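See structure below.
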Amino acid sequence: MLEKPVNEAPLADVTPPRLEIRNLHRSFEGRAVVDDVSLRVMPGQVTCLLGPSGCGKSTTLRMIAGVEMQDSGQIFVDGKLICDTVFRVPPERREIGLMFQDFALFPHLSVADNVAYGLKGSKADKRARVEELLVRVDLLRFIDGYPHQLSGGEQQRVALARALAPKPRIMLMDEPFSGLDNRLRDGIRDETLAILKEEDTAVLLVTHEPDEAMRMADEIALMRDGKIVQQGAPYNVYTRPIDRASVAFFSDANMLTATVEGALAMTPFGRFLAPGVPDGTAVDIVFRPQHLRIDFDRAGQGPVPTPVDGTPARAVVERARFMGNESLVEFRLDHDGSIMKATVPAVFLPAKGKAMWLTIRRDRCFVFPSEGGA
Ligand SMILES: Nc1ncnc2c1ncn2[C@@H]1O[C@H](COP(=O)(O)OP(=O)(O)OP(=O)(O)O)[C@@H](O)[C@H]1O
């Protein structure tokens, strides 16, 4: 691989990230599609670029692969510059593996020839590497078969073997599992992850599905409108979202709006602490449906208010649905007619119009400056 000395080389005693991108920008027709994106992936780590359709994930991946040029910014592999706006290692010399949704095996080539496609060396060496990988993906018995003889999941595993065959230092994956049905997907994801970890490959996986990112990632980079808005371990990104949209990207979210007076925000569920927020500031109090607690109505009364749970608010059932693992119940608050969603991990299907009392797990609420709207 061509390499060029870098001014800001990392310190000698620190292992550089396998992949690092710094301040990548790309505009199309004057619109910034990738806007100052920076991230690092260490060997053996999976980073998920997670975000809604059109937020610039694939464009970022294409720049790293070298099939799209950035307008500015730099890409490093193992601390060595491989691409900026004047210097560019061509795609085929970047030692980067690619795996996309439409993984397209060559139909006229055998499984062995598909896996060997990107390999160099003697026939015997190639055969040995092909066999090693087919053992790894548990498909050695199909070595002389053809793609049409394999199921979708088996083809996906051949595609993984093909991508891994040249021992890429980095694997870029763009929604690689979205063509598979749900039952196959979980197993193949787990197997793929295990193999990538064993090979110590640094993986950058693009997905718009929070579940997939939570399942696969060591680190999630949440992307919106071309920018990475939050980055961290899945637990941290989920439990410490930076704004309302980040909460809502992972799950349904309930929201109350309130105005702060004396560092307190008044809501139908009692007062919420808003330390340091100036009087008169509008805030959004956001929480997930699993953090709404439901109590039965007892002669027009709900549970006794407590400092931990706050005040219960009366609501009537608007709709209840059984979702398989849980029930989703929508309530209409007496206070202002707004809808609150609750999930219950059991079959719980109260009749429409039934009065109940709701309290919020206060330690699971997020208070953000108001963005307006519902
Ligand atoms: N070559 C191009 N010319 C013009 N616009 C482009 C080009 N490539 C991408 N875009 C636009 O850039 C935006 C980001 O596209 P990109 O494919 O990176 O998004 P994404 O987050 O991967 O979305 P998806 O999950 O739907 O693939 C989109 O609005 C897309 O239309």
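In vacuo Debye scattering of the chain, one point per C-alpha: log10 I(q)/I(0) at q = 0.07, 0.13, 0.15 Å⁻¹? Per q value, in the given order, log10 I(q)/I(0) is -0.44, -1.06, -1.22. Between LEU193 and PHE106, residue separation times 0.36 nm minus the direct Cα-Cα distance comes to 28.9 nm.
Share of antiparallel DSSP beta bridges in the chain, in percent to the nearest 5?
Details: 63 of 82 bridges.
Looking only at bridges with both residues in the chain, the antiparallel portion is about 75 percent.
Take the Cα radius of gyration of region 170-221 and divide it by 2.2 N^0.38 Å, with N its residue count; two decimals is plenty.
Working: Rg = 10.5 Å, N = 52, 2.2 N^0.38 = 9.9 Å.
Ratio of Cα Rg to 2.2 N^0.38 Å: 1.06.
Annotation for region 280-317 versus region 324-374: alpha-carbon center distance of 9 Å. Can you give me the Rg/Rh ratio for region 229-374, using Cα atoms for both radii and the Kirkwood formula for Rh? Rg/Rh: 0.97. Label positions at GLN290 and VAL135, each projected 7 Å from the Cα along the C-beta direction, are separated by 4.1 nm. Cβ-Cβ distance of LYS123 and VAL67, R₀ of 41 Å, FRET efficiency by 1/(1 + (r/R0)^6): the value works out to about 0.85.
Students often get this wrong, so check it: of LYS57/LYS227; LYS120/LYS197; LYS123/LYS167; LYS57/LYS197; LYS123/LYS197, which have C-alpha atoms separated by over 19 Å? Over 19 Å apart, Cα to Cα: LYS120/LYS197; LYS57/LYS197; LYS123/LYS197.
How would you order 32-45, 273-286 from highest to lowest mean count of nearby Cβ atoms within 10 Å? Could the numbers behind the result be given before it?
Values: 32-45: 18.6, 273-286: 14.7.
Going from most to least packed, we get 32-45, 273-286.
The modelled label-to-label distance between SER38 and MET214, using points 7 Å beyond Cα along the C-beta direction, is 3.0 nm. Contact order for region 252-369, expressed relative to its length and based on alpha carbon pairs under 8 Å spaced 6+ residues apart, stands at 30 percent. Within the same chain, lysines fewer than 8 places from LYS352 are excluded, and of the rest, those with a Cα less than 22 Å from its Cα are LYS341.
Read-outs throughout are calculated quantities, based only on the coordinates presented, and are distinct from any laboratory measurement. Predicted, not measured: the structure shown is a model, and the values here were computed from it. Cβ: placed from backbone, ideal geometry, glycine included. Neighbour counts: every protein chain shown.
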